[in-house]
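Worksheet: the structure to be examined is printed underneath.
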Amino acid sequence: MQIASCLIPDDSALARFRDSGEYKHAEAAAAPIPGEQKVDARELARLTMDRPSLTPERAFWLVDVWTWFQGLLFRPFGVKPNTMRSTREQPLPEVGGRLGPYEVFESSEREVLLGDADTFLEHRMSFIVAEGKAFIGVVLRTKNAGGDAYWNQVRHNQTQILHESLRRGLTRATGSGDGTEGHETTTGR
């Protein structure tokens, strides 16, 4: 499966978010949808967010422990729960609901816009299906030095995370293998 870095589609909710203020980082990746298959952005988002990180399956129990710990420790401070668990299938995204650690802002067959905001940063991620392609994109706004420090830690892996997430989600949505083969990746814009 060929994954390529690209611009965020201009007619997307993610582009509207990007254009509504200053941002630290904006990036997207796209892949052609195999054959004539129909892919729904809600299903693509659900299947991708089932395993949103590069954590190997054998270590996913650590993510479960961290998710449980977050809920226990941060819920009294108003932090909304993370829906990610290795033993629980993700729900289809619904506006106002949660998908993994993120709030769902928009949800349609064409685009799902997720995000989060805290005292350090504001983050949006979008899954888009248009013109025979599947897209994943992110926009990050940092609010202070803490947000900048976070970005400095993850920026080196951001492109790889986007590409691998799109590959995994699209592979699962189309039933075209297990998502581990064909790791060719391009970065043309």
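The values are calculated or read from the model by the stated rules, or taken from the named source; none is laboratory data. From a predicted model like this one, the values you see are computed outputs, not experimental measurements. Cβ sites come from the backbone with ideal geometry, for glycine too, and all protein chains shown count toward neighbours. We work out accessible area using only protein heavy atoms, side chains counted, and drop any ligands, DNA or RNA first. Shrake-Rupley method; radii C 1.70, N 1.55, O 1.52, S 1.80 Å.
For the structure I just gave you, tell me whether Leu121 is more than 16 Å from Gln2 (Cα to Cα), open to solvent by less than 30 Å² (accessible area, probe 1.4 Å), modelled with pLDDT under 90 and more than 11 Å from the chain's Cα centre (by Cα). Spelling it out, Leu121 is indeed more than 16 Å from Gln2 (Cα to Cα), open to solvent by less than 30 Å² (accessible area, probe 1.4 Å), modelled with pLDDT under 90 and more than 11 Å from the chain's Cα centre (by Cα).
If the condition is being modelled with pLDDT of 90 or more, surrounded by fewer than 18 Cβ atoms within 10 Å (Cβ to Cβ) and either within 18 Å of Leu113 (Cβ to Cβ) or hydroxyl-bearing (Ser, Thr, Tyr) (or both), then segment 25-53 contributes His25, Asp40. A Cβ distance below 9 Å, combined with a sequence gap of six or more or placement on separate chains, defines the contacts here; from segment 128-155, residues that are free of Cβ contacts under 8 Å to residues at least 24 places away in the same chain and within 17 Å of Glu22 (Cα to Cα) reach no residue that is surrounded by 12 or more Cβ atoms within 10 Å (Cβ to Cβ) and among the acidic types (Asp, Glu).
Residue pairs whose Cβ atoms lie under 6 Å apart, separated by 6 or more positions or on different chains, with the first residue in segment 1-29 and over 11 Å from Gly137 (Cβ atoms) and the second part of a helix (DSSP H, G or I) and among the basic types (Lys, Arg), are Met1/Arg167; Ile3/Arg167. Taking the criterion of being closer than 25 Å to Val129 by Cα, within 17 Å of the chain's Cα centre (by Cα) and at pLDDT below 65, would at least one residue in segment 54-64 satisfy it? Yes: segment 54-64 contains one or more residues that are closer than 25 Å to Val129 by Cα, within 17 Å of the chain's Cα centre (by Cα) and at pLDDT below 65.
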